[in-house]
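Novice: First the structure, which I've put down as structure tokens, then a few questions once you've had a look.
The values are calculated or read from the model by the stated rules, or taken from the named source; none is laboratory data. Given the structure is predicted, the values throughout are model-derived calculations rather than measurements. All Cβ positions, even for glycine, are placed from backbone atoms using ideal geometry, and neighbour counts span all protein chains on display. For the accessible areas, the whole protein counts, side chains as well, though only heavy atoms, and no ligand, DNA or RNA atoms are used. Shrake-Rupley method; radii C 1.70, N 1.55, O 1.52, S 1.80 Å.
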Amino acid sequence: MGMSDIPNLRSAYDMTSEEDIHALYREWAHSYDVGFGDAQGYQLPQAVARAYIAAGGKGPVLDVGAGTGLLGEHLTATLDVDGVDLSSVMLGVARSKQIYRDLYTGNINVQLNLPQYMGIVSAGTFTLGHVGPTAIDNLLEIAEPGGLFVLAVNAVHYVDAGFAAYFDGLGAAIAGLTQVKTRIYDDRADADHRDDIAYILTFTKAG
Ligand SMILES: C[S@@+](CC[C@H](N)C(=O)[O-])C[C@H]1O[C@@H](n2cnc3c(N)ncnc32)[C@H](O)[C@@H]1O
């Protein structure tokens, strides 16, 4: 991505390294909520928040790849929510909203030095060019036994990155896995992404 390009979904899906992700989101952070979220009718964060509440999720909950806080915005009225993200620039936007309890800069692909949580939520992070299924191992380590996970996974990425085989391999480490298909965007989205799908995966860490 050149410095003069406006970041977009195509540049996001093409990421191949941590450095790429830092550079992309450093450029994107300040236009993300309006230029992307509103303009594309990005509705995945609300869907994840709704699913977490509907499943009886409690706080404190960790928002993984919290970005500018679009998911937190739908949970912080009733729950304590922390966030973790690779991009301190994205988290700077989230911090300015003053809705999160704590925000941490960190990479979920490596072991996390974070407190224990009653739940873990995520939107837009398990997607093409971003985070694969093995990061879930690191998230299971910081969840309380019985902790509730609600993770959105881009449907193409789900297949390409081998999420089904990963979950098979988890066996009894998790319970009650369900998978609900949802549209990532509404009709405002560009034609080539309007019908993009994510799976909202809900499960608990074995107690
Ligand atoms: C498309 S944004 C989603 C942000 C927010 N959850 C939302 O739905 O608007 C993806 C976020 O994942 C973060 N991210 C990507 N790889 C990561 C990693 N390995 N560890 C932590 N955060 C990561 C990026 O920095 C970015 O803020």
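Novice: For Gly162, list long-range residues whose amide hydrogen, built 1.01 Å from N in the peptide plane, is under 5 Å from its own amide hydrogen.
Specialist: Placed amide hydrogens put nothing under 5 Å from Gly162.
Novice: Add -39500 (n - 2.57) for each DSSP H run of 4 or more in the chain, then divide by its residues: what number comes out at 222 nm, to the nearest 500 deg cm²/dmol?
Specialist: -7500 deg cm²/dmol
Novice: Could you pull out every residue, at least 5 positions away or on a different chain, whose amide H is within less than 5 Å of the one on Ile120? Hs are placed 1.01 Å off N in the peptide plane, and Pro or chain starts have none.
Specialist: Those qualifying (amide H under 5 Å, at least 5 residues apart or on another chain) are Leu62, Leu148, Phe149, Val150.
Novice: May I pose another question? Using modelled backbone amide H atoms (1.01 Å from N, in-plane), which distant-in-sequence or interchain residues come within less than 5 Å of Leu103's amide H?
Specialist: Excluding prolines and chain starts, which carry no amide H, the hits are Gly83.
Novice: To one decimal place, what orientation-averaged projected area in nm² is obtained for the convex hull of the Cα set of region 87-207?
Specialist: 8.4
Novice: Output the peptides 147-157, 27-37, 86-96 sorted from most to least packed, where packing is the average of other Cβ atoms within 10 Å over each peptide's residues.
Specialist: The packing order, highest mean first, is 147-157, 86-96, 27-37.
Novice: Please compute the net charge surrounding Ala173, taking Lys and Arg as +1 and Asp and Glu as -1 over other residues with Cβ under 15 Å from its Cβ.
Specialist: Net of charged neighbours comes to -3.
Novice: Note down the Stokes-Einstein diffusion coefficient of the chain in µm²/s, whole number, using a Kirkwood radius over alpha carbon pairs, 10 °C, and 1.306 mPa s.
Specialist: It diffuses with D of about 94 µm²/s by this estimate.
Novice: Another one. What whole-number value in Å² describes the accessible area per residue of the chain for a 1.4 Å probe?
Specialist: With the other protein chains kept in place, the chain gives 46 Å² per residue.
Novice: Hey, any idea what % of region 76-144's accessible area is carbon plus sulfur with a 1.4 Å probe?
Specialist: 46
Novice: Go ahead and run the numbers for FRET between Ile197 and Asn113, Cβ-Cβ distance against an R0 of 41 Å, rounding to 0.05.
Specialist: 0.75
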